[in-house]
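Each value in this text was obtained by applying a stated rule to the coordinates, not by laboratory testing. What you see is a predicted model, and the numbers here were worked out from it, not measured in a lab. We place every Cβ from the backbone using ideal geometry, glycine too, and count neighbours over all the protein chains shown.
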Amino acid sequence: MPGHAAGIMLVTDNLDRSREGPADEMLVRAKAGDSEAFNVLMMRHEQRVVRLAWRLLGSREDALDAAQETFFRVFRHLGTFDERRDFAAWLYRIAVNVCRDLARKRRPETPLELVVESAVGEAQEDEAIEAQQRRLLQKALSTLTAKERAAIVLRDLEGIETAEVARLLNCTQSTIRSQICSARMKIRTFHENYIRLDNEAGKGQ
Amino acid sequence: MSCTHITEIIPLYVGNDLDDAETERITNHLLSCDPCRSLESQYRESSAWLKSVSMSDVERDPLPALRVRVSQRIDSANRSQQLKAPIRIAAVLATAAALLIASTLSLYLSASTKSVPEIAIVPGRVEAGPAAEPVSPVRRKTRSRQRMLPIVPSPSLTMLPPTPLAPGAHLSAQLAKLPTSPVENSVRIEIQTADPTIRIIWLSSESGGIE
């Protein structure tokens, strides 16, 4: 499956980047209290953290809150972090924990209203199309429970191996497989309904 | 392998989440089962669709506002730490002072209470003998430290061993058997201190027997 393999390679590349020389130097300086160096570390990882948080939480505002909390926790514990370890993996783990904590505090999600976007089929600017895609993604993910969502985001969208997902979410691999299986079934159902409604809307026009 | 079982685990098959043996069994089954092959195709399409729409949510622009928020929060945390530091120092000093005062007080109290000897009244034989040498204060080691017992003002003291009491005997009867004082109408009171070698004898010239 080429698409799936590419996703995994992308994540691996991101993780390995932190082991390069400049990143290590920034990490050492940030540990020593250099605020500029910590700023550089944030710039390197902020987009990925916000993207992960957005996928897990479903709202950009919540994602920014989660990212802020993540980097604050990193700053607080940076002094005890061993710079020989993988900083990106450590940061990622913190982000997942922060998102899990925030998701617990959120109210239960409202039932999904499957609405076919009226803009489908019309000529759109790139930003509008992307905005539409983001809405679709969030609608699909909102059909899942919080645990299913976390499992499928980490496994299918972030490309992390099942064993590592189990460690991040603090449960067994068999539990993760069960949640991923259930999540993929629901995504398939959502996709089938979306295609059906899209076809009906196309026929109606 | 039944189609029912395949239906349940095909979501894991398309994500490459099964072991090699089970993957091979499903692959062989799909070669000859159209409905299961159709189901597998649907799962692959939905998985690819999910990945394609997720590419649009990638944050491409830097997030300076996020960095500002983080910096502000760090500064706020540092300020509150600096405010708390003098309060913590004052609390530590106050605790140390209180402990010092408490330990000094307890030492003082223990020293003053141990200077009073234990006193018990026991019957014993007394003789008013010749003027004895004044009893000098006895130095006695108590728990690795020496202390001075108080000097008992008395004209004379004779150290005598106590006379054992008969079982059940009343104290007054026992005392009545003791030799009388050479001084008539006198009252004699003996006090045995905690030190078995020292007994306090009080002689009074008032009349009246001991009740």
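Amide H contacts of B:VAL187: B:SER204, B:SER205, B:GLU206, each under 5 Å away and 5 or more positions distant or on a separate chain (H built 1.01 Å from N in the peptide plane; Pro and chain starts excluded). Peptide packing for A:63-71, B:100-108 was compared via the average number of neighbouring C-beta atoms within 10 Å per residue; ordered from the highest value, the list is A:63-71, B:100-108. Along the stretch A:135-149 the Karplus relation, 6.51 cos²θ - 1.76 cosθ + 1.60 evaluated at θ = phi - 60°, assigns HN-Hα couplings of 5, 4, 4, 5, 5, 4, 5, 6, 7, 9, 6, 4, 6, 5, 4 Hz to successive residues, with x for each Gly and Pro. For the stretch A:84-93, putting each phi into the Karplus relation 6.51 cos²θ - 1.76 cosθ + 1.60 with θ = phi - 60° gives couplings of 6, 7, 7, 5, 4, 5, 5, 4, 4, 4 Hz, in residue order, rounded to whole numbers and with x for Gly and Pro.
Go ahead and run the numbers for FRET between A:GLN173 and B:LEU83, Cβ-Cβ distance against an R0 of 41 Å, rounding to 0.05. Don't skip to the end; give the middle numbers.
Working: r = 47 Å, r/R0 = 1.16.
Here the calculated transfer efficiency is 0.30.
Shielding by partners for peptide B:63-73, expressed as the average number of C-beta atoms from other protein chains within 10 Å of each residue's C-beta, is 6.
Exposure proxy for B:LEU66, B:LEU31: other Cβ atoms within 10 Å of each Cβ, ordered fewest to most, give B:LEU31, B:LEU66.
Inter-chain neighbour count for A:181-191: the average number of beta-carbon atoms from partner chains within 10 Å of each residue's beta-carbon is 6. Pairs over the 29 Å Cα-Cα cut-off, from the set A:LYS31/B:LYS84; A:LYS147/B:LYS51; A:LYS105/A:LYS139; A:LYS105/A:LYS186: not a single one.
Computed from backbone phi, the HN-Hα couplings of the stretch B:80-93 come to 5, 5, 5, 5, 6, 4, x, 5, 5, 4, 4, 5, 5, 5 Hz, rounded to whole numbers (Karplus: 6.51 cos²θ - 1.76 cosθ + 1.60, θ = phi - 60°; Gly and Pro given as x). Label separation (B:GLN42 vs A:ARG196): 0.9 nm, computed from points 7 Å beyond Cα along the C-beta direction.
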